Each structure stands twice: as C-alpha cells, then as structure tokens.
Amino acid sequence: MTSVDTERTAPEHTDHRSVLAQRRDELAVRVEPKGSRVYTARERAEAFVDPGTFVPMVPLRKAGPTGGSGVVTGWGSTSGHPVVVISHDAAVASGAIGAVFAETVQRAQRLAIDKGYPIVYINDSGGARIHDGIHALHGCGGIFANNVEASHVVPQISLILGPCAGAAAYSPALTDWTIMVKGQGQMFLTGPEIVKAATGEDASADDIGGSQLHTTVSGVAHLEVPTEEAAFEAARTLLSFLPNRVGGAAKVVEPRPADPVAVERLPLVVPDKSSVVFDMHEVLDGVLDAGERFELMPTHAPSVLTLLGRLDGRPVAVVANQPKARGGILDAKASVKISRFVEFCARYDLPILTFVDVPGFLPGTVEEGRGVITQGATMLRAYVEAKSPVLTVVVRKAYGGAYIAMGARSLGADFTWAWSGSEIAVMGPGGAVALLHRRALKEAEEPTVLRDQLAAEYRENVARPYLAAEAGIVDDVIFPEETRGRMVDALRLLSHESAR
C-alpha cells in the first residue's frame, strides 16, 4: 500500500474506532439504581462471578432507538467453573419483559443448554411489558419453555432481588432453587393494587409475596437471606456442590474427617426414649465431613432436613427427620419438600443419605385435605426413580408407611442399616398395644401398668431391628459410631472408587 493509500484510509478507519469507543463509553455510563437498590444489573452480574471474569453477551442490543433491552446477560465463572448469568435491569422500564428482553434471555439460555453451563437468574422485574402486547407474552412463553428444557440439562438458580411480578414470577418457579432477599424481593402474580381492586383485601407487597411468606409458608422459595451479597454467596455455595450439568463430573474435594467432638458424642446423641427430642444436626456432625454444609428450605416444613454436605470429599444430599420440630413427623409439605430435593439431587447423581427417626404421617382432616396421600406418594416415586446411590440408616424409630417413604430398601435403597437401639414396626408400641390388647386393657385392674408392660414386650420382640436384619430387609444392625465408615465404604463401592 502506498503512502497515498494510507492517507486516504486512515481518517475513515479512525472514525470507525471513535464510533465504537463512543458506543462503549455510553454503555459504561452508570445509571443510578432506582429506589433502595444499590447495584446496577451489570454490577450485580459482575459481583456474582469471579472477579474480572464476566463477559457480556450482545451488550449493544436495544429495544428501541434509545432504550436498552432491559436485561444484562453474559457468562463468567464461580470458583473457576463456567456459569451463565441473566440479570434484569430495573433501570429500563422497571425490568419489564419485552420482546427484545425475551430474545436476549433466550439466547443466553440457549448457550447454557447447548454447552452445559449452570444458569443464575438475577430477578428484578415488574412483569411483561404492556406496550409490547402479545409479543411480550410470546417472549415470556419462550423463556418458560427454555426453563423447562434447561431443567433436564443444567442447574438453574433464581435470585429474587426486587419485585418479580406477574409473568416474571413463573420463570423462577420453573427453576431448581429460588433465593430471596428479605425486605427487598417479592414474588406474586398480582400486586397489591390489583388484589385490592379485585378482592378488597388490603395487603402489602411483602404480605402477598415477601420472602417470609414464600420460604416459610408457601414453599415457593427455598432460602431467605439478608442482603444481595448474601444471595450471591449462597448461590455460589450451592453451585459448589453440583456438577455443571447432568452427567457432569462431581466436584470432589480433599476428604475431611468428621468433627472429632461430634464423633465422640455420637453414641450418646439419641435418647433411649422415643418421645424425647434431639437435634439431628448433631448426628450429621458425627457422620459427614467437617466443613461447609448447605441447607435448603430450613424454615419450611422444618420437621425434615434437606441439605448438601460432603462425605469422603464427595458432595452428598442428606434427607433427615428432625425430632426437634414436631417430632420429625411427615406431612404434606414435608413430603413435597423431600420429593423435590431427592428428585433434583438424583438428577445430578448426588448420593442420597437418609437418616430416619419418623413416628409416621401426621393424621387428621387438615392433612387429608391437603392431599397428604398424593404428596406422600411423591416421596415414594422420587426414591424409586432415583438412580444415584441411596444409603439409609434408621437412627431411632421408623413406623408404618413413613418407614417406607424415608428411603426404605423396598424403594430401591442400595444399602440400609439400623442403629442398635432403633425400632422398625407397622406402628409404635403404644398404638400397637392399644389395638392388639384392647380387651385385656379394658378388663385390667391397672391398665397403665399392663399397657407399659405389653409395650415393652412389643418393643423388644417385634420392633427391634434384628427381625429386619434377619430377614435381609436391612443390611446390618450397627453402632452409631460405625455409620460414617459404612457409608464411606458403600459410596466407594457404588462409585467404583478405591480408598483415597
């Protein structure tokens, strides 16, 4: 190229560069977040991933001559693992979902589905964009369809950092786990004004869709946190236990022994009397690796625990009755909580460890009206369909249908054990004696003494776990302090791993 050619092309080339630089400068201008928000949509996405790793997708996309798409999408990493992030931009039409917004989200979802990357949605949207009409609704439907497709391929986590109204609320409900910021995030189909007009009910946004309602009562959301930073940290921790995709490699770390103090206490944690409460977390402390655990739905249906931990360095899912809350009983809400958790964890090949101390299903008209039969059946289905390793230990009592529902051998558990002081029976000794010896108790001079005597005989002759072990229904009767070793050995066998 001659010097003359260079002189002719340089100004044009420089102009192109200045235009792009100007465009980027315009994008970099910070629009102060509305209301009580602290961070912009882009800042939220960057705060979630590892520092310096966020790469935006289609950053120049616009919904019109002046407005942005209303959403920031891109990818980055958490602890070095790839993740796709979709962050609603409340500075553009209150984060309402329009046609361009939906196209932008769907493109990011498609990347995650096709390449096998987890998706984290940072939700802050007023719902479908009214001005876009049917195009907005069509776009929302496309997002929902991708949510469903993605659920078979990659983990999806929704963070509710602001209002999530109308159509915008369905996407989080289709994802795996939803984390809400207290006092800041709400989820509802209809807001306070419409509720007031339609029903006359005077309720705030928090009353209708706040974090306390959804994490404690409805079960729509699964964890309440105090700040946006806590939401990001919770999502990162949750992802640290999960493979990047269905069929992906487990995130195994260096094994850590269980807490030695908890191990020493393990034989003493469970009271001999079945009606005396204890904290199942103390049992888990003596079995699982020391270190971080992550509990999901801690305030919803608290009579059961659903949490992620590690055993021998491998991520595991834990289901357990919690005697501290309503004696560890099962009801409709607890059944849904467990079945959802088991189904999700089995999808990602996480071993499912079940610790049983269950008196049965809660009786009464309220629970029957809530469909406890159907909801209890979802537990049966989840355990039967689980293809990941399932290990179950009865730590104290397991009565009736609840014994079956809590990961029994008959549902496909790979290995089952019972602690030496446990009881397994159709019903507890008190109820069994009342039915089997009604006439004798009615005619007895001292029915209380006779009932206690008969109950003790039933407990020792019928309910003790040796009958189950002799029948091969449980693999062995063990001491509490043997639990960790048995589970570690079983997982190594089932995972085709040698001792590390």
Of all accessible surface on the chain at a 1.4 Å probe, what whole percent is carbon and sulfur?
56
Using Cα pairs under 8 angstrom and six or more residues apart, how large is the relative contact order of segment 190-311, in percent?
23
So, relative contact order of the chain in percent, Cα under 8 Å, 6 or more apart, is 8
Enumerate the amide H contacts of Arg129 below 5 Å, restricted to partners 5 or more residues apart or on another chain; note that Pro and chain-start residues carry no placed amide H.
Ile97, Gly98
Does the chain classify as rounded, prolate or oblate by the C-alpha gyration tensor (a ≥ b ≥ c root eigenvalues; a/c under 1.5 gives rounded; else a/b over b/c gives prolate, otherwise oblate)?
prolate
Report Asp176's accessible area, 1.4 Å probe, all protein chains in place, as a number in Å² to the nearest 10.
10
Tell me the per residue accessible area of the chain using a 1.4 Å probe; a whole number in Å² is fine.
46
Is the C-alpha gyration tensor of segment 245-350 telling us rounded, prolate or oblate? Criteria: a/c under 1.5 is rounded; beyond that, a/b larger than b/c is prolate, otherwise oblate.
oblate
Antiparallel bridges, percent of DSSP beta bridges restricted to segment 75-229 (to nearest 5)
20
Expressed as a rounded percentage, what relative contact order does segment 42-184 have, with Cα pairs under 8 Å and six or more residues apart?
20
Relative intensity, log₁₀ I(q)/I(0), of segment 183-275 from a Debye sum that treats every alpha carbon as a point, q = 0.16, 0.18, 0.19, 0.23 Å⁻¹
-0.90, -0.95, -0.98, -1.09
By how many nm would the segment from Val246 to Val55 lengthen if fully extended, with 0.36 nm per residue of separation less the alpha-carbon distance?
66.3 nm
What ³J(HN,Hα) values, in whole Hz, does the Karplus curve 6.51 cos²θ - 1.76 cosθ + 1.60 give for segment 154-171 when θ = phi - 60°, with x put for Gly and Pro?
9, x, 10, 10, 10, 10, 9, 10, x, x, 9, 10, x, 4, 5, 7, 6, 4
DSSP bridge pairs, the chain: antiparallel proportion in percent, nearest 5
35
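The values are calculated or read from the model by the stated rules, or taken from the named source; none is laboratory data. Quick caveat: nothing in here was measured; it's all calculated off a predicted structure. These accessible areas exclude ligands, DNA and RNA; they are computed on the full protein's heavy atoms, side chains included. Shrake-Rupley method; radii C 1.70, N 1.55, O 1.52, S 1.80 Å.
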